[in-house]
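Presented below is the structure to which this report refers.
The values are calculated or read from the model by the stated rules, or taken from the named source; none is laboratory data. Model, not experiment: these values are computed from the prediction. Using ideal geometry, Cβ is built from the backbone for each residue, glycine included, and neighbour counts are taken over all protein chains shown. For the accessible areas, the whole protein counts, side chains as well, though only heavy atoms, and no ligand, DNA or RNA atoms are used. Shrake-Rupley method; radii C 1.70, N 1.55, O 1.52, S 1.80 Å.
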Amino acid sequence: MTTRRKEDARATAAPMLLDETAVQRARKSLEDGAVTPSSSPWREQIIELLNDSLATELVCVLRYKRHHYTASGMASPAIAAEFMVHAQEETAHADRLAERIVQLGGEPDFCPTRLLERSHADYDESTDLKTMVRANLVAERVAVEVYRQMIALIGDKDPTTRRMLEDILVDEEEHADELKDLLQE
Ligand SMILES: [Fe+2]
Ligand SMILES: [Fe+2]
């Protein structure tokens, strides 16, 4: 191998070196808790994205509860029960998002007047069972698309947040799948 080719080979296989300065800086600023130098450049933008998702989850809880309590008709008991299960799962998602926002040093936004502004999904006051199912399916598909995009955007900038979003995405895909089946019944 020529010297030039050896240099090229070395350049393409960059050594896996830790950023020792960042590791040393992690020993300081203890008040930042889990926020360390490698996470900070993206922290604020990630918190913003998580707060929009928190609003989305809370609007979904309200929509599912409204539908649970107002559903009527032949098929309503089973479907109303499903709406409540989804409401509880969206509540768990909201809790995970709020907890992560705080871990990242942010403040979870639970302000009622800002919920609809921030939410990716809509509230819905349909009274007909089929229209309710359809509105929920639209909201779930929006949630699936947004979580997929967030996971791609965050990538390795914050692996813990990404894994949490991947968990939530699994649930949202299941919700969408169940609603699609209900719509076809
Ligand atoms: Fe959710
Ligand atoms: Fe969902």
In whole Hz, the Karplus estimates of ³J(HN,Hα) for segment 20-31 (6.51, -1.76, 1.60; θ = phi - 60°; x where Gly or Pro) are 5, 4, 5, 4, 5, 5, 5, 5, 9, 6, 4, 5
Accessible surface, segment 39-185, averaged per residue in Å² (probe 1.4 Å): 53 Å²
Tell me, what is the Rg over Rh of segment 54-166, with Rh the Kirkwood radius over Cα pairs? 1.01
Over the chain, what relative contact order in percent results from Cα pairs under 8 Å that are six or more residues apart? 23 percent
Expected sort for 50-56, 161-167 on mean C-beta neighbours within 10 Å, highest first, is 50-56, 161-167
Please report the carbon-and-sulfur percent of the accessible area for segment 40-185; probe 1.4 Å, protein heavy atoms only, DNA, RNA and ligands left out. 52 percent
Checking the cross-link filter: which aspartates and glutamates have an alpha carbon closer than 16 Å to that of Lys157, excluding same-chain neighbours under 8 positions apart? Asp19, Glu44, Glu48, Glu166
Modelled label-to-label distance, Val23 and Val102, 7 Å Cα→beta-carbon offset: nm? 3.2 nm
Please list, by residue number, every one of the chymotrypsin sites (Phe, Trp or Tyr not before Pro) in segment 66-153 that is coil in DSSP and has at most 14 other beta-carbon atoms within 10 Å. Phe110, Tyr123
Label points 7 Å out from Cα along the Cβ direction at Thr70 and Lys157: separation in nm? 3.8 nm
